[in-house]
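The values are calculated or read from the model by the stated rules, or taken from the named source; none is laboratory data. What you are looking at is a predicted structure, and each value in this text was computed from that prediction instead of being measured. Neighbour counts run over all protein chains shown; Cβ positions are idealised from the backbone, glycine included.
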Amino acid sequence: MATIFNKRNGIYLILVIALFMPFIVPNEYILHVLALVCIWSISVYGINIFTGYTGNLSLAHIGFFAIGAYTLGILTVKAGWNFWIALLAACVLATILGILVGLISLRTNGHFFAIYTMCVGYIIYLIIDKWDSLTGGVRGLIGIPSPSPIGPIRFDSLTAHYYLLLFFLILTIFITKRIVQSLLGRTFIAIRNSEELALTIGISTKKNQLLAFVISCFFASLSGALYASFIRFIGPEIGSTFLGFEMLIYLIIGGIGTISGPVIGTLLIVFLTQSLQFLQEYRMLIFGPILLLIVIFYPQGIAGAINDLTSRLRRRKIKGNRQNEDKRAGVEEVG
Amino acid sequence: MELFFQQLLNGLSNGGVYSLVALGLTMVFGILHVPNFAQGAFYMIGAYVTLTVMTLFGVPYWIAMLLAMLVTALLALSSERLIFHPLRKSPALHQMMGAIGILLFLVALAQVIWGPNYQKMVSPYGEAIKIFGITFTQQRLIVIFATVIIMLILHFFLTKTMIGSAIIAMAQNREGAYLVGINANMVAMLTFAISGILAAAAASLSSPINLVFPGMGDLVIMKAFVIIIIGGMGSIPGAIIAGYLLGIVESFGATYISGEYKDVIAFVLLVIILTVKPTGLFVRRAN
């Protein structure tokens, strides 16, 4: 009986619900928000791989999100490239830039690294804001096309677009899971727990941190490019430090260093923000304190709290079973 | 030549403001090893409190400034008690997130209370005066002198009083300070209060030159981080020198290189410095 409600079946259930979402939801608006959740989640998974698993705080992440969005936007609008080639180009460019930035910035440590990357992020933002002729400056870029059709599959309807984004999100989660559960993921965690110790047992910490950083940049730019083609308008504010902080909040509230955390956090907060429309500008009045409480009392976020709870329940169950067995054994002995 | 002196003066006044903010940041960092992103929000709140008491109650400029210092000191102190103190044993990442949480909350709070618009603070020193054929606004001169006076007061407080010496001792060597019986909690609270006071003073002084708006602390705090890295994390003289240096470099950069990219200068400077010397300039050896 109990085996029906195991973790694997739970995940299948969520997958099925996600797949049938366009038929379940009452209006297009909710589907639109869900599509946004898919986009942000991909980026948050990127932060999670670097910040959550290797333990360094990168504030340049949002800059790479903006690079992805603007590369796609400029290539499709100004150069008239095909969407898919532009998407690939956006990811490749961000990956190359990520390698360069990572090579230099990872020579610094701890707080220096956070501040260094914050400066890099801000420089990216300012360049986008000031380079009028290329990026359109404060006016931004408009008319970014939807993904071009693959064979007979077209992406001009919201439902089709949602499926495309969901596909990318599932792919991202799958890749993250494979990375985290592989030796590479263990290496990242070893670095997070103690860089010195990792070095002593022969892990090349800088090389692994760089790899995590580049993976994180790749996801950021993928998410940025998808955002650009979904919203079809981008302005320099998508590279602002504040938006970067917001993504970090999704991650921390959902659960940093967990596999389900990014999607839980993003889903929860994006929906809360959308349903509390009147709060739009003031949402940090609520999420700021929530963030503080979570950081202080549940450093592992919601996913971490759930994990704690299930493992405690399981322990209690095992304990209960053992007591039952003991009792039975006792009865047999007496009998 | 006139332009040169004009820009030097602008650089000195901006630099003084940067130095004050960076001083608070560097003191907190030296003692608690927390990069306090919320300092920019304290700066912004300080400006709004000054502006509000001046316009609503007609309080004179200097008294309004003192009130703002008091309010931000209490704010900084309570954030230490409520957030940084419970987090002192957490990993660095969580402390940074705590600071970011305070920052975002205070910015949203300011938007609710005072609205998102830009506001002008009118100081009683609006006139321009002419010395040796160069025009200065009085406010800029006041910023230059007032920042120096505040720094001197801070200096005498830190070197001539027992409490000040306790702060210095803890910044130099934590364990040593514990051993001689310094109350770490008291020092932490005091340091946060001082950083709040410095931020509010800087904000009240610079607001009549610039404008008051919820995001006014963002750029200042980022530049203050640049300053404390250039000046050596935790070093007080370093923060002062680097603050003035940045102010002057920016001011000349804006006139002689490009006004558009004035704000990039600080960050490019930092990226270059950290690229060449990843541990930062003038870093003291670890205790």
Test: residue in the range B:48-58 that is more than 8 Å from chain A (Cβ to nearest Cβ), surrounded by fewer than 20 Cβ atoms within 10 Å (Cβ to Cβ), under 17 Å from the mean Cα position of the chain (by Cα) and at pLDDT 90 or above: no
Pick from the range B:111-128, criterion of a type in the set (Phe, Trp, Tyr) and at pLDDT 85 or above, ranking: surrounded by the most Cβ atoms within 10 Å (Cβ to Cβ): B:TRP114
Residue match in the range A:73-84 (condition: away from chain B (no Cβ under 14 Å) and among the charged types (D, E, K, R)): yes
Which numbered condition A:TYR162 misses (of (1) surrounded by 19 or more Cβ atoms within 10 Å (Cβ to Cβ); (2) in contact with a Leu (Cβ under 9 Å, 6 or more places away or on another chain); (3) under 20 Å from A:THR258 (Cβ atoms)): (3)
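Yes/no matrix, rows are residues, columns are (1) in contact with a Cys (Cβ under 8 Å, 6 or more places away or on another chain); (2) closer than 27 Å to B:LEU109 by Cα; (3) buried (at least 16 other Cβ atoms within 10 Å of the Cβ):
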position	(1), (2), (3)
A:ILE259	no, no, yes
A:GLY265	no, yes, yes
A:VAL270	no, yes, yes
A:GLN274	no, yes, yes
A:GLY288	no, yes, yes
A:ASP308	no, no, no
A:SER311	no, no, no
A:LYS317	no, no, no
A:ASN321	no, no, no
Within the range A:231-316, helices (runs of 4 or more DSSP H) holding 3 or more residues that are among the aliphatic types (A, V, I, L, M) and modelled with pLDDT under 85: A:284-297
Residue that is farthest from B:HIS33 (Cα to Cα), among those in the range A:99-157 that are of a type in the set (D, E, K, R) and at the interface with chain B (Cβ under 8 Å from one of its Cβ atoms): A:LYS130
Criterion violated by B:LEU141 - all others in (1) more than 22 Å from B:LEU20 (Cα to Cα); (2) of a type outside the set (Asp, Glu); (3) more than 14 Å from chain A (Cβ to nearest Cβ); (4) in contact with a strand residue (DSSP E or B) (Cβ under 9 Å, 6 or more places away or on another chain) satisfied: (1)
Candidate set from the range B:86-114 (those that are more than 10 Å from every other protein chain (Cβ to nearest Cβ) and not in a helix (DSSP H, G or I)); member that is nearest to B:THR50 (Cα to Cα): B:ARG88
Residue list for the range A:70-82, filter: in a helix (DSSP H, G or I) and surrounded by fewer than 20 Cβ atoms within 10 Å (Cβ to Cβ): A:VAL77, A:LYS78
